[in-house]
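The values are calculated or read from the model by the stated rules, or taken from the named source; none is laboratory data. What you see is a predicted model, and the numbers here were worked out from it, not measured in a lab. Backbone-built Cβ (ideal geometry, glycine too); neighbour counts: all protein chains shown. Side chains included, ligands, DNA and RNA excluded: accessible areas come from the protein's heavy atoms. Shrake-Rupley method; radii C 1.70, N 1.55, O 1.52, S 1.80 Å.
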Amino acid sequence: MYAIVANGFADGPAEALRDYLVARDADVLTVFHPLTPEHGKKHVVTRYGNGRRVDERSIGLPLRPPLSFALDPLVPLLPPHVDTWFGFNPLACARGLLARRLGRARSVVLWSVDFVPDRFGASTIPTRIYDRLDRLCCTRADARVELSEAARDARNLRHARGGATAPTYVVPMGAWLERVPKTPTDGFVGRRVVFLGHLVPRQGVDVLLDALAVVKNRGGDVRADVIGTGPLEQQLRQRSAELGLDDTVRFHGFVTDHRDVERLLAEAAIAVAPYRPGEDTFTAYADPGKLKAYLAAGLPVLLTDVPPNAKTLARDAGAELVRYDADAIATAITNGLSSPERWRERRAAALAYVTRFDWEALREQLQLPVR
């Protein structure tokens with residue numbers, strides 16, 4: 001029996017672990033809490049057994065994220081006895097540590113999906129509380145999983161203080177390649193650019209809109225899809241209108257079904273990830289899931305040199321590194337669509353590179369030790 005507790009409902013390692021265990025006829029309890037206000041107030045608890053879903057219930061609580069995080073440990077009030085508890089953030093892991101202490105879990109795994117120094121600001125009370133909880137989980141859990149070496153090393157430096165942490169495994173973000181639709185070999189004809197992500201300053205959607213305006217002013221003909229929502233959505237929609245991009249950019253907002261996200265990606269020709277450099281955010285330590293989604297769809301990627309794997313993607317996966325600059329991004333978009341032969345080469349490189357990150361290929365790394 002396994003428990004998987006996470007915030008958010010997008011495709012990612014928690015869902016991949018669930019599918020991996022369910023496919024092997026394990027008994028699995030998943031608890032998915034809302035991550036952002038757009039996810040609403042529903043906390044979803046699901047039981048699986050004999051390779052199928054047995055029961056599911058939604059628990060509505062009165063608060064939305066981030067205020068609802070304080071209520072997450074109350075769902076469910078009494079979890080079943082489990083062999084391994086997987087917590088995908090410190091709060092979820094701490095609940096598992098309590099379950100282990102009460103004899104309701106044999107082992108606990110902290111599976112970290114990001115690392116942010118000074119998450120709530122330097123030396124603030126919320127940051128101190130978060131760090132204390134994260135440090136507790138790093139040292140008391142039976143195992144740790146990190147998405148990248150950069151995140152592992154940074155968290156060790158912040159929390160280990162020369163002491164030992166739980167045995168640590170690096171399992172990068174993967175993708176279900178058999179399921180994901182691919183952009184066709186003539187996908188460049190549609191001249192469509194796609195962005196997927198949370199609409200916050202660090203994602204650089206503002207500079208992308210400026211770049212699309214530059215392309216249009218130069219006489220270029222491209223279309224763009226922006227998939228995702230966030231605190232900047234209305235501001236970005238207004239900015240798009242001011243730039244005269246109403247006929248160019250489609251804002252899709254929060255897309256609940258990830259299969260619809262995958263379909264939109266497969267309809268694109270180029271994917272963009274214009275992370276804003278110089279901000280101390282988790283992107284510099286992460287293995288962003290959207291990059292794997294882009295590559296799984298066979299999309300040539302334009303990105304800034306912010307994620308730790310950016311140079312590797314440029315070298316091996318047909319990606320191109322660009323400056324955080326509207327003119328530079330506009331030129332890269334235009335050039336990326338100008339040569340069908342080069343576009344196909346980049347598509348092939350993306351699909352070849354991402355095969356090593358098929359969740360099926362990573363499954364051996366998911367077999368973590370239990371006590």
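Cβ-Cβ distances below 8 Å connect the following pairs, each with a first residue in the stretch 166-178 that is closer than 10 Å to residue 296 by Cβ and in a loop (DSSP other than H, G, I, E, B), a second residue that is among the polar types (S, T, N, Q) and open to solvent by 20 Å² or more (accessible area, probe 1.4 Å), and a separation of six or more residues or different chains: 177/355. Yes or no: residue 293 modelled with pLDDT of 95 or more, closer than 21 Å to residue 179 by Cα and crowded, with 22+ Cβ neighbours inside 10 Å? The answer is no for residue 293.
Under the condition of being among the aliphatic types (A, V, I, L, M) and within 19 Å of residue 65 (Cα to Cα), the residues counted in the stretch 15-54 number 4.
Scanning the stretch 97-110 for residues that are touching a strand residue (DSSP E or B) at 6+ places or on another chain (Cβ under 6 Å), in a helix (DSSP H, G or I) and of a type in the set (D, E, K, R) returns a single hit, 100.
You will find that of 103, 12, the residue that is closer than 28 Å to residue 166 by Cα and touching a residue at least 60 places away in the same chain (Cβ under 8 Å) is 12 and no other. Evaluation of residue 225 against the conditions (1) over 23 Å from residue 325 (Cα atoms); (2) in contact with a strand residue (DSSP E or B) (Cβ under 7 Å, 6 or more places away or on another chain); (3) of a type outside the set (A, V, I, L, M, F, W, C) shows that the sole unmet condition is (1). Which of the residues spanning the stretch 238-267 are under 23 Å from the mean Cα position of the chain (by Cα) and in a helix (DSSP H, G or I)? If the condition is that a residue be under 23 Å from the mean Cα position of the chain (by Cα) and in a helix (DSSP H, G or I), then 258, 259, 260, 261, 262, 263, 264, 265, 266 are the ones that fit. Would you say residue 94 is among the aliphatic types (A, V, I, L, M), crowded, with 18+ Cβ neighbours inside 10 Å and outside any strand (DSSP E or B)? So residue 94 fits the description; yes. Scanning the stretch 106-124 for residues that are over 19 Å from residue 155 (Cα atoms) and either without any contact (Cβ under 8 Å) to a residue 12 or more places away in the chain or open to solvent by less than 10 Å² (accessible area, probe 1.4 Å) (or both) yields a total of 1.
Filter the stretch 1-31 for residues that are in contact with a helix residue (DSSP H, G or I) (Cβ under 8 Å, 6 or more places away or on another chain), more than 16 Å from residue 90 (Cα to Cα) and assigned to a strand (DSSP E or B) and give the result. Across the stretch 1-31, the qualifying residues are 2, 28, 30. Looking at residue 277, is it over 27 Å from residue 179 (Cβ atoms) and within 18 Å of the chain's Cα centre (by Cα)? Judged against the criteria, residue 277 is not a match. For the stretch 23-40, a residue qualifies if it is at pLDDT below 90 and open to solvent by 20 Å² or more (accessible area, probe 1.4 Å), and the qualifying residues are 23, 24, 35, 36, 37, 38, 39.
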